[in-house]
1. Short version: ³J(HN,Hα) in whole Hz for each residue of the range 50-64, in order, from phi by Karplus 6.51 cos²θ - 1.76 cosθ + 1.60 (θ = phi - 60°), x for Gly and Pro, what are they?
2. For the chain, take the convex hull of the Cα atoms, compute a quarter of its surface area, and give me that in nm², please.
3. Determine the per residue accessible area of the chain with all protein chains present and a 1.4 angstrom probe, expressed in square angstrom.
4. Using a 1.4 Å probe on the protein heavy atoms, what percent of the accessible area of the chain belongs to carbon and sulfur?
5. So if each residue of separation counts as 0.36 nm, and I subtract the Cα-Cα distance between LYS77 and ALA63, what length gain in nm does that give?
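The values are calculated or read from the model by the stated rules, or taken from the named source; none is laboratory data. For clarity, every value in this text was computed on a predicted model and none was experimentally measured. Keep in mind that these areas ignore ligands, DNA and RNA; they rest on the heavy atoms of the full protein, side chains included. Shrake-Rupley method; radii C 1.70, N 1.55, O 1.52, S 1.80 Å.
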Amino acid sequence: MRTPPPADPRHQRFAVLVTQGRYLADAYQEAGFQCSRATAYVNGHRLRHKPAVAKYIDALRRAAEKARREERGQIWKTERARLFLDLKAKLFR
């Protein structure tokens, strides 16, 4: 089941930025919230733990990890095929 994004577009942007590795305060301000750095630190932490936002961040991280695993699998298949062809070429010279 897909996790729906939060209703507020700023919350969605915040979740994406956090998933990309931004600090909570930076993500909070970059998502469009206008406040001081200290307020962003506190509110970023609060927003990160809201159920809808937390679930969306977790879903984004799971999707990114799945994509990385699939990419590594594809790279391994390509590398294995290349090694096989190299070995075959050496054996049948």
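1. So the Karplus estimates, Gly and Pro as x, are 5, x, 5, 6, 4, 5, 5, 4, 4, 5, 5, 5, 5, 5, 5 Hz.
2. On the way: hull surface 33.6 nm².
Computing the convex hull of the Cα atoms and averaging its projections yields 8.4 nm².
3. Working: 7210 Å² over 93 residues.
On a per-residue basis, 78 Å².
4. On the way: 4130 of 7210 Å².
The nonpolar share, carbon plus sulfur, comes to 57 percent.
5. Working: separation 14, 0.36 × 14 = 5.04 nm, distance 2.12 nm.
In short, 2.9 nm is gained.
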